[in-house]
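This report concerns only the one structure given below.
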């Protein structure tokens, strides 16, 4: 008995040390402290055939003492619209505005060092020109601007890829005179169209702008979990990820249609909750699955394990990225409900009739949402109706 106890104790110790090693290795992976953000985007219409988009890109270094080089930065603009865009030309330029260096007249980006607790920025200009006689107002919807930049420092040389979505056209808000309600099970349902949402949007402003004129006491306004997540900036390009051996190994055991069935998809979860939790969840989940109890991996690995959408899992242009679930959904619902005066819920709905209420404001009738959203009125294609208003 004592020998068996010793074996169990030694095994547990070895396993614990292995988990500590995994966590330590995860935290010591090469990483850059630099963060990229953008602001001040404006769309100027010169005429029916030409648009100019301007904004500011900012690179900041929150590290106390590490100095990081930015030797290269490149803009990759992509237009999304409702027709053939092959005849449209697009030109981009980036003008450095370093606090301690003069910009070159030829626009060349020379290697720049972002010191600890410092930042730099650059002005971006995108010129869009259509053929003679075209009307870009009816042809273009969105500009997806990818920023490819190199971080160089003690961690090595890392390529980063960030994307910002800039709306070029916005649909009209919902109004009582144009609203097309759908009759549901003891309720009425109104899908509400918006522009394609992104990090430049504030959730409260979006809900108020597009749905504000329709709200009445007793209504419930829902927003999809993915649109909320992209407004929070919770998406990442696979090029920024470095899949670990654990991610490459464990991703093979998931169903091929799962967002965790790729090394980058699973690495996203590992980066979010840590390798030790993922490994433990898989070991316990596999053991319980063998005795007929399924779904334990997702319970133990946390909510994000179910919410991550891998490449192709969302609407373009986010179909090229990995999107996590939203952050602090319950707090967001409480805040939005207080500002709008109606109940608010964050939901995940699919075409199979599955309705999951991730979070809702106090007093929200979730049974009503189950009935109203089961037919998936928002759709899972390119409807661009991330908001659904439910009226008992």
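The values are calculated or read from the model by the stated rules, or taken from the named source; none is laboratory data. Because the structure is predicted, anything quoted here is derived from the model rather than measured. Reconstructed Cβ throughout: ideal geometry from the backbone, glycine too, with neighbour counts over all protein chains shown.
Which one of these does residue 53 not meet: (1) over 26 Å from the mean Cα position of the chain (by Cα); (2) buried (at least 16 other Cβ atoms within 10 Å of the Cβ); (3) assigned to a strand (DSSP E or B)?
(1)
Under 6 Å by Cβ, and 6 or more places apart or on different chains, what pairs join a residue from region 59-74 that is more than 13 Å from residue 119 (Cα to Cα) with one that is surrounded by 16 or more Cβ atoms within 10 Å (Cβ to Cβ)?
These pairs meet every condition: 71/150; 71/152; 72/150; 73/109; 73/149; 74/148.
How many residues does region 158-194 contain that are closer than 23 Å to residue 320 by Cβ and out of contact with any helix residue (DSSP H, G or I) (no Cβ under 9 Å at 6 or more places or on another chain)?
3
Which of the residues spanning region 72-106 are assigned to a loop (DSSP other than H, G, I, E, B) and under 26 Å from residue 167 (Cα atoms)?
Answer for region 72-106, where residues must be assigned to a loop (DSSP other than H, G, I, E, B) and under 26 Å from residue 167 (Cα atoms): 82, 83, 84, 85, 86, 87, 88, 97.
Could you list, in sequence order, the residues of region 262-285 that are free of Cβ contacts under 8 Å to residues at least 24 places away in the same chain, touching a helix residue (DSSP H, G or I) at 6+ places or on another chain (Cβ under 8 Å) and more than 19 Å from residue 234 (Cα to Cα)?
284, 285
What is the one condition in (1) under 15 Å from the mean Cα position of the chain (by Cα); (2) in a helix (DSSP H, G or I); (3) not assigned by TED's automatic domain parsing to the domain that holds residue 355 that residue 266 does not satisfy?
For residue 266, the failing item is (1).
Could you check how many residues of region 284-298 are under 15 Å from residue 254 (Cα atoms) and not in a helix (DSSP H, G or I)?
Adding up the residues that qualify gives 2.
Please give the strands (runs of 3 or more DSSP E) falling wholly within region 117-225 in which 2 or more residues are within 27 Å of residue 48 (Cα to Cα).
119-129, 140-153, 156-167
Can you name the residue in region 318-333 that is in contact with a helix residue (DSSP H, G or I) (Cβ under 6 Å, 6 or more places away or on another chain) and within 10 Å of residue 358 (Cα to Cα) and, of all such residues, is surrounded by the fewest Cβ atoms within 10 Å (Cβ to Cβ)?
325
Starting from residues that are touching a strand residue (DSSP E or B) at 6+ places or on another chain (Cβ under 8 Å) and surrounded by fewer than 21 Cβ atoms within 10 Å (Cβ to Cβ), keep the ones in region 365-374 and report whichever is nearest to residue 192 (Cα to Cα).
Here the answer is 374.
What are the residues in region 339-386 that are within 21 Å of the chain's Cα centre (by Cα) and outside any loop (DSSP other than H, G, I, E, B), if any?
Correct list: 344, 345, 346, 347, 348, 349, 355, 356, 357, 358, 359, 360.
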